[in-house]
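First comes the structure, then the notes that go with it.
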Amino acid sequence: MAERTRLTAVETVREEGSWLFTIEDRHGDREEVILVPCEDDGAEVEAWVNVCPHEAQRLDPGFGATIREGGIVCPRHGSLFEPCTGDCDNGEAAGTTLRPVETVVELGSVYLVDEDARFRHAGGIGSGDGDDGDDDMPGSTSHIGF
Ligand code: FES
């Protein structure tokens with residue numbers, strides 16, 4: 001059953017250029033996702049897994065994705081991804097597409113509605129604020145090897 005979680009305001013994504021958050025899939029694996037403005041087809045924003053398909057480079061390294069000429073710039077080799085489709089037709093990542101995460105916009109707010117994704121926290125994987133109690137779970141190896 002899809003959860004519906006409010007992420008942020010469309011206006012915030014526009015102002016900041018991108019908005020980073022962390023999800024957890026059904027296997028408990030965490031991934032980072034970026035929201036970016038998309039003005040083309042009325043979607044207002046789109047959400048993409050924060051990984052360049054070329055070499056697993058984070059598009060937003062933790063302080064905001066770089067948007068240039070209307071495209072999301074990969075910081076490693078400079079390929080540009082179209083924010084509304086996730087497609088890349090240039091540079092090292094040409095022919096690849098970012099992995100989408102499903103969101104909807106209602107009354108100026110962005111909601112996560114992806115069946116395979118559960119919202120964990122704003123920010124990157126390492127920046128959990130701990131407000132739901134298990135973002136900073138102790139490592140299972142804490143007493144092993146000593
Ligand atoms: S890692 Fe992104 S273009 Fe090479």
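The values are calculated or read from the model by the stated rules, or taken from the named source; none is laboratory data. Not measured: the values here are computed from a predicted model. With ideal geometry, Cβ positions are generated from the backbone for all residues, glycine too; neighbour counts draw on all protein chains shown.
Assorted remarks:
- Index of the failed condition, GLY70 passing every other in (1) over 27 Å from ARG4 (Cβ atoms); (2) of a type outside the set (Lys, Arg); (3) within 16 Å of the ligand (Cβ to nearest atom): (3)
- Scope region 3-29; condition exposed (fewer than 14 other Cβ atoms within 10 Å of the Cβ) and either of a type in the set (Ser, Thr, Tyr) or closer than 17 Å to PHE119 by Cβ (or both); matching residues: GLU3, ARG4, ARG6, ASP25, ARG26, HIS27, GLY28, ASP29
- Checking GLU32 against (1) surrounded by 15 or more Cβ atoms within 10 Å (Cβ to Cβ); (2) farther than 15 Å from GLU106 by Cα; (3) more than 16 Å from the ligand (Cβ to nearest atom); (4) of a type in the set (D, E, K, R), the condition it does not meet: (3)
- Within region 73-87, restricting attention to residues that are under 17 Å from the mean Cα position of the chain (by Cα) and within 10 Å of the ligand (Cβ to nearest atom), the residue that is surrounded by the fewest Cβ atoms within 10 Å (Cβ to Cβ) is PRO75.
- Any strands (runs of 3 or more DSSP E) falling wholly within region 29-93 and containing at least 2 residues that are out of contact with any Phe, Trp or Tyr (no Cβ under 7 Å at 6 or more places or on another chain): 30-38, 44-49, 66-68
- Close contacts from region 60-88, counting a first residue that is farther than 13 Å from SER18 by Cα and among the basic types (Lys, Arg) and a second that is within 12 Å of the ligand (Cβ to nearest atom) and modelled with pLDDT of 95 or more, with Cβ to Cβ under 7 Å and a gap of 6+ residues or different chains, come to ARG76/CYS52; ARG76/GLU55; ARG76/GLN57.
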